[in-house]
Amino acid sequence: MSTETIARSLRRARSGVGVAGSGRPPDARPRRLWTPRTITMAALVLPSIILVLLLNAYPVLYAGVQSIRDGDLISAGNIVGLANYESVLTDPVFWQAARFTLVFTLVGVFGSWAMGMSLALLLRRRVPAGGVFKVLLLLPWVVPVVVSATSWNWLVATPQSPLPILAEALGFGRVLFLANPLLAQITVCVFKVWISFPFMMMMMSAALASVDNNVYEAARVDGASGAQLLRTMTLPLTAKSTYISWILMTIFCVNDFPTVFLLTGGGPVNATQTLVVQAYRTVFLDFETGPGVAIAFLMTIVLVVISVVLYRRVRKVDIE
Amino acid sequence: MSQRASKATLSRRGFLTAAGGAAAVSALTACGGAGGGGNGGSGGGGDSLKFWNMPWGGTEFNPSDKEITEAYEPADGLPPAVYQEIQWANFTQTFSSAVASNTGPAVSSGGGTQAFLFESQGKIAYADNLLESWKENGLYDDFLPGLIDTMKVEGGYAAIPYNLDMRVMWYNTTLLEQAGAELPTDWPSYLAAAEKLKAIDVYAFGVGAGSGSFTGSHIMTSFMINNGGGLFNADHEPDCVTDRNIEAMEFVLEMVAKGYVDPGSVTYTSDNVQTQWKDRRFGMGWDGAGLASNVGGDVAAELAVNSPLTGPNGDQGALHFPNNIMMYTNTPSQEGSEAFLTYYYQNMASLWTEHTGIGLPPLKSIADTPEFQSDANAVKIIDEWQPISKTWAAPGSEALFLGVTDVDGTPAMSTFTQTVLSGAATAEEALTTLQQALEG
């Protein structure tokens, strides 16, 4: 049975049609929505619904109102319509931050995934003290980002820091890892990959653990090479976990404030400023609540779209 | 935010602010204007008068300060004072939410421009009557020259000067001697000294403009003021693109182009700057009054404050931040707030004489004490730098006003400073971009 046939059958099954039949099933009757049972159940879940609305919907709605006002941290201000969105979307600094956020996210997601997957595959083999390695490799994720950012600052910030000294010794001259805009962007992205790969490693390790080794044995017997195994077996079989980890890491990257703020503050000259840092600076340093929340809202919309697209991929994998 | 620059506590605060910021931005959807303020709570929290003070010095500052506060014995009918220490981490949000909900203090210190922000919201009780009463007990005349005037806004005195945060020129005596450089007195001699320091691989324009370090933008403004310029005109409007400002920034760009500025300065935090001083990579530079104690070690003894430079047009000047104490309209008793502050100012000298790490004193009587006079650098700053220093409001006016919050620690100023320190634009281009940002 092909994937397409299965999917069609599932759709039919969901609509109450037998796999081989057509039209409505013979016992289909219009159901009454409000029966004593459904009313009781609705009454029971109502408190939870109200709680969820209070916890999630209210702040979002309130923020939505803030984004169309010209207030500050003290006063709500007047309603200005979509002027905040217009000013944000016509600001070159916003688009510069959006571009870097995109780069930061792409590198963060795929860099950490590639590294995490590689290490997960490596640690799948029996190696001496494998558990110790796993714990050590988890450290970048476990250590608070404030601490790791401080360490990285110590590693790269001044010409007397270890990495610039090493670069100079290797003949690269005086390398300014944080002061040069391009190098600062690279440094921030590498730092993000470094603190994120353990998460990916754990996700992919769990996914790989669920794959039956016999499948690989059979493929090897058929003469499959390592690269073929990876392409045709490992990646498809771990696709669901991969997509979920991409969704999560995309959200982590787009919302990542401390990595950028602690290492460069968004500089030099906004080169490493991400949207979340711009939103923070707009609200808490410029005291412009409306545009700052507007930036946060735009980020949220983009994140929701990306998450939905990736989640559909997950569902597709489920069906296949 | 003036006080953010150079104290030992600041780097810690920078981290705390940033860490708090992570949570704050995650919760951006719930942030924003309080929108109403509500009623109810009072600045006294009932029958007592809340005094909120910041960690202005080392670990011994707040306990000493609390001791002074709790020793206050109010006259009959007036409320006693209750002390609360407020951390710098997210202090803007702390004060904003408390004041908006009428649960804030009756008296507080805070950010250097905080009083002007709350004054514009009608939350500040003017200090005119209090200052008038101080003319009789001698306190008014005890303030350093020009300080009280920096607090005057259209409606009255928004606050009272409390401690001074200055931006001054430091140099390393050993390195200057090693380079055979003379102490600069004006801009050309500064360039000459910088050339000699460069010959021994030492930078002459030590400053930081990285994450959480606003000293860089302070120094850019200081150079403008040193040349008779500044950021605001007499109408309190941004007026950045002036001949004097362009000339000042061209001088800084010349320092950058000639390699007298550490290229890393663009992203140096306060810690990075102190490391450069400690490693003797900075021979001259610009920082707050506490640089030597913050750097510490053997190098501290080599650091000294230079006299103010004279600009090419004969001007002298620098940027300073009169941090202040303000009274709020939300108080159990305005008379009580004033009585407490009178007591506090009459008894706060020990915060300086016991070296708690607070900034420079606002009162001449404290600056004259033997304990304070024992610090030659601090004395030099009070004697030579304080009289010529101006606020963000320069050159248009002496007094601060709400508009200075647009330049005090803001992204526009950080970007401008980084642009100049990296030599990424001409002086006019950088100033024009700044002007547009401030107008927008």
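The values are calculated or read from the model by the stated rules, or taken from the named source; none is laboratory data. Because the structure is predicted, anything quoted here is derived from the model rather than measured. Neighbour counts run over all protein chains shown; Cβ positions are idealised from the backbone, glycine included. Heads up: the accessible areas ignore ligands, DNA and RNA and are worked out on the full protein's heavy atoms, side chains in. Shrake-Rupley method; radii C 1.70, N 1.55, O 1.52, S 1.80 Å.
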Check: Out of (1) within 14 Å of chain A (Cβ to nearest Cβ); (2) at positive phi; (3) open to solvent by 30 Å² or more (accessible area, probe 1.4 Å), what's the single condition that is false for B:Gly409?
Finding: (3)
Margin query: Among the residues that make up region B:345-358, is at least one of them part of a loop (DSSP other than H, G, I, E, B), touching a residue at least 40 places away in the same chain (Cβ under 8 Å) and more than 19 Å from B:Asp375 (Cβ to Cβ)?
Written below: no
Check: So which residues in region B:352-391 are of a type outside the set (Gly, Ala, Ser) and in contact with an Asp or Glu (Cβ under 6 Å, 6 or more places away or on another chain), if there are any at all?
Finding: B:Thr353, B:Thr356, B:Leu363, B:Lys364
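Conditions tested, residue by residue: (1) open to solvent by 10 Å² or more (accessible area, probe 1.4 Å); (2) within 18 Å of B:Gly229 (Cα to Cα); (3) within 10 Å of chain A (Cβ to nearest Cβ).
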residue: B:Lys380; (1), (2), (3): yes, no, no
residue: B:Lys390; (1), (2), (3): yes, yes, no
residue: B:Ala399; (1), (2), (3): yes, yes, no
residue: B:Gly403; (1), (2), (3): yes, yes, no
residue: B:Met413; (1), (2), (3): no, yes, yes
residue: B:Thr417; (1), (2), (3): no, yes, yes
residue: B:Glu429; (1), (2), (3): yes, yes, no
Notebook entry, point to check: Just to be sure, is B:Ser108 buried (at least 17 other Cβ atoms within 10 Å of the Cβ) and among the hydroxyl-bearing types (Ser, Thr, Tyr)?
Noted result: yes
Margin query: Taking the condition of being at positive phi and either open to solvent by less than 50 Å² (accessible area, probe 1.4 Å) or touching a residue at least 40 places away in the same chain (Cβ under 8 Å) (or both), how many residues in region A:119-133 meet it?
Written below: 0
Next item on the list: From (1) open to solvent by less than 20 Å² (accessible area, probe 1.4 Å); (2) modelled with pLDDT under 90, pick out the condition that doesn't hold for A:Val293.
Entry: (2)
Next item on the list: Identify all residues within region A:159-191 that are touching a Gly at 6+ places or on another chain (Cβ under 8 Å), within 13 Å of chain B (Cβ to nearest Cβ) and closer than 23 Å to A:Met115 by Cβ; write none if there are none.
Entry: A:Leu178, A:Ala184
Check: Among the residues of region B:236-290, which ones are of a type in the set (Asp, Glu), touching a residue at least 60 places away in the same chain (Cβ under 8 Å) and either within 26 Å of B:Thr391 (Cβ to Cβ) or surrounded by fewer than 20 Cβ atoms within 10 Å (Cβ to Cβ) (or both)?
Finding: B:Glu237, B:Asp239, B:Glu247, B:Glu250, B:Glu254, B:Asp287
Margin query: So B:Glu371 passes all but one of these: (1) of a type in the set (D, E, K, R); (2) open to solvent by less than 10 Å² (accessible area, probe 1.4 Å); (3) not in a loop (DSSP other than H, G, I, E, B). Which condition number does it fail?
Written below: (2)
Next item on the list: Considering only residues that are at pLDDT 95 or above and of a type in the set (Gly, Ala, Ser), look in region B:270-300 and name the one that is nearest to B:Asp201 (Cα to Cα).
Entry: B:Gly283
Next item on the list: Check off (1) more than 17 Å from the chain's Cα centre (by Cα); (2) outside any helix (DSSP H, G or I); (3) within 24 Å of B:Tyr343 (Cβ to Cβ) for B:Pro161 and give me the number that stays unchecked.
Entry: (1)
Checklist line | Residue list for region A:165-209, filter: open to solvent by less than 70 Å² (accessible area, probe 1.4 Å), more than 23 Å from A:Leu139 (Cα to Cα) and not hydrophobic (A, V, I, L, M, F, W, C) | finding: A:Gly171, A:Gly173, A:Asn180, A:Pro181, A:Gln185
Notebook entry, point to check: So B:Phe15 fits all but one of (1) modelled with pLDDT under 90; (2) open to solvent by less than 20 Å² (accessible area, probe 1.4 Å); (3) within 14 Å of another protein chain (Cβ to nearest Cβ); what number is the exception?
Noted result: (2)
Check: Does B:Pro308 count as more than 14 Å from every other protein chain (Cβ to nearest Cβ) and touching a Pro at 6+ places or on another chain (Cβ under 8 Å)?
Finding: no
Item checked: Hits in region A:248-271 (condition: assigned to a helix (DSSP H, G or I) and either more than 7 Å from chain B (Cβ to nearest Cβ) or open to solvent by less than 10 Å² (accessible area, probe 1.4 Å) (or both)) -> A:Leu248, A:Met249, A:Thr250, A:Ile251, A:Phe252, A:Cys253, A:Val254, A:Thr259, A:Val260, A:Leu263
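Rundown of residues vs (1) open to solvent by 10 Å² or more (accessible area, probe 1.4 Å); (2) within 12 Å of B:Gly285 (Cα to Cα), yes/no style:
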site: B:Asp201; (1), (2): yes, no
site: B:Phe205; (1), (2): no, yes
site: B:Ala209; (1), (2): no, no
site: B:Gly212; (1), (2): yes, no
site: B:Ser217; (1), (2): no, no
site: B:Met220; (1), (2): no, no
site: B:Phe223; (1), (2): no, no
site: B:Gly230; (1), (2): no, no
site: B:Ala234; (1), (2): yes, no
Checklist line | Per-region count, region B:96-139, residues closer than 22 Å to A:Glu288 by Cα and among the charged types (D, E, K, R) | finding: 2
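Considering every residue within region B:310-318, establish whether at least one is buried (at least 23 other Cβ atoms within 10 Å of the Cβ) and either polar (S, T, N, Q) or part of a strand (DSSP E or B) (or both).
Yes, region B:310-318 contains at least one residue that is buried (at least 23 other Cβ atoms within 10 Å of the Cβ) and either polar (S, T, N, Q) or part of a strand (DSSP E or B) (or both).
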Next item on the list: Being among the polar types (S, T, N, Q), assigned to a loop (DSSP other than H, G, I, E, B) and buried (at least 20 other Cβ atoms within 10 Å of the Cβ) is the filter; apply it to region A:56-89 and report the residue that is nearest to the other protein chains (Cβ to nearest Cβ).
Entry: A:Ser75
Note to self: I'd like the residue in region B:199-252 that is of a type in the set (Phe, Trp, Tyr) and part of a loop (DSSP other than H, G, I, E, B) and, out of all such residues, is nearest to the other protein chains (Cβ to nearest Cβ).
What the structure shows: B:Phe214
Check: Are any residues in region B:107-146 modelled with pLDDT of 90 or more, within 30 Å of B:Ser97 (Cβ to Cβ) and assigned to a loop (DSSP other than H, G, I, E, B), and if so, which ones?
Finding: B:Ser109, B:Gly110, B:Gly122, B:Lys123, B:Tyr126, B:Ala127
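Quick check, is B:Ser365 open to solvent by 30 Å² or more (accessible area, probe 1.4 Å), among the polar types (S, T, N, Q) and free of Cβ contacts under 8 Å to residues at least 24 places away in the same chain?
It is false that B:Ser365 is open to solvent by 30 Å² or more (accessible area, probe 1.4 Å), among the polar types (S, T, N, Q) and free of Cβ contacts under 8 Å to residues at least 24 places away in the same chain.
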Notebook entry, point to check: B:Ser337: on the phi < 0 side of the Ramachandran plot, modelled with pLDDT of 95 or more and buried (at least 22 other Cβ atoms within 10 Å of the Cβ), yes or no?
Noted result: yes
Notebook entry, point to check: Looking at A:Val107, A:Val156, A:Val145, which one is touching a residue at least 12 places away in the same chain (Cβ under 8 Å), within 12 Å of another protein chain (Cβ to nearest Cβ) and either open to solvent by 70 Å² or more (accessible area, probe 1.4 Å) or under 26 Å from the mean Cα position of the chain (by Cα) (or both)?
Noted result: A:Val145
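I'd like to know if region B:174-186 contains one or more residues that are closer than 30 Å to B:Pro411 by Cβ and modelled with pLDDT of 95 or more. Please lay out each step first, then the result.
Step one: list which residues in region B:174-186 are closer than 30 Å to B:Pro411 by Cβ, which gives none.
The answer is no, given that none of the residues of region B:174-186 is closer than 30 Å to B:Pro411 by Cβ and modelled with pLDDT of 95 or more.
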